[in-house]
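*Asks:* A single structure is presented below for examination.
The values are calculated or read from the model by the stated rules, or taken from the named source; none is laboratory data. For clarity, every value in this text was computed on a predicted model and none was experimentally measured. Please note: Cβ atoms are built from the backbone with ideal geometry, for glycine as well, and neighbour counts cover all protein chains shown. Ligands, DNA and RNA are stripped out before the accessible areas are found, and what is left, the full protein with its side chains, is counted by its heavy atoms. Shrake-Rupley method; radii C 1.70, N 1.55, O 1.52, S 1.80 Å.
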Amino acid sequence: MRLPSFAAASAKPFRLVVRTALAGALIGSVLSSIAPARTTVSLSFTVAQQARQATADYAYDGYYALRAAELVSDTLISWLSTPSIIKEIYASSGHDVSDDEALALAGRAFRAKKFSSQNVVVSFSASDPAAAADVASSASEVLSARVGGLARGADGFSLFYVLAGAPVIASSSAGPAAAGAAGLFVGAFLGFAFAYAARTAKNPQP
């Protein structure tokens with residue numbers, strides 16, 4: 001396919017815009033058709049206090065409980081960027097990853113954000129809904145177990161526990177029609193830009 005010259009673009013800008021728009025729509029539709037399907041998951045975790053810590057100096061009141069929960073939430077988020085935790089989550093889900101893959105996925109596989117001191121939302125992608133559900137269930141189990149062993153009182157019981165919400169699973173793949181529409185707009189924009197540049201080059205401003 002021969003690229004349009006500046007002279008042709010300047011002479012027939014409308015035809016150029018139409019061609020680039022159609023080309024963008026075609027490319028977008030084709031890429032969407034051949035791209036592998038992806039599934040996006042959102043999983044909510046609530047860090048809750050299970051027991052109060054008794055000391056001779058003060059009672060473990062609400063303020064200190066919230067501060068401690070915030071530290072637990074920060075630790076939970078940091079775990080999701082650790083290769084060993086990522087490997088453990090995928091192994092427990094039945095979708096093993098190698099050491100090299102775990103290292104490559106560190107900091108990328110799971111995106112965690114703290115919305116409050118006790119609320120952490122984790123999102124990730126999977127190849128299909130079944131795999132997404134497996135990894136979500138495994139992440140809930142692994143993180144809950146680790147939080148349970150993170151902080152213990154004098155009696156040996158855990159001070160905090162994690163409540164995992166039901167995962168929200170949705171397809172993140174754009175259909176051919178949506179991808180084609182996006183390509184149409186991008187192609188039209190590039191056509192306008194090229195035609196404008198060609199006209200400016202042909203008739204430079206004094």
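Per-residue answers, yes or no, for (1) under 35 Å from the mean Cα position of the chain (by Cα); (2) modelled with pLDDT of 85 or more; (3) part of a strand (DSSP E or B):
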| position | (1), (2), (3) |
| --- | --- |
| Ala7 | no, no, no |
| Arg19 | yes, no, no |
| Ser29 | yes, no, no |
| Val41 | yes, yes, yes |
| Val72 | yes, yes, no |
| Ser78 | yes, yes, no |
| Ile85 | yes, yes, no |
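*Asks:* So, in region 96-150, of the ones that are over 16 Å from Ser81 (Cα atoms) and part of a strand (DSSP E or B), which residue ends up modelled with the highest pLDDT?
*Replies:* Asn119
*Asks:* What number of residues within region 92-108 satisfy the criterion of being under 16 Å from Ala139 (Cβ atoms) and free of Cβ contacts under 8 Å to residues at least 24 places away in the same chain?
*Replies:* Qualifying residue count for the region: 5.
*Asks:* A follow-up question, please. Only one of (1) open to solvent by 20 Å² or more (accessible area, probe 1.4 Å); (2) touching a residue at least 12 places away in the same chain (Cβ under 8 Å) is not met by Ala166, so which one is it?
*Replies:* With respect to (1) open to solvent by 20 Å² or more (accessible area, probe 1.4 Å); (2) touching a residue at least 12 places away in the same chain (Cβ under 8 Å), Ala166 is out only on (2).
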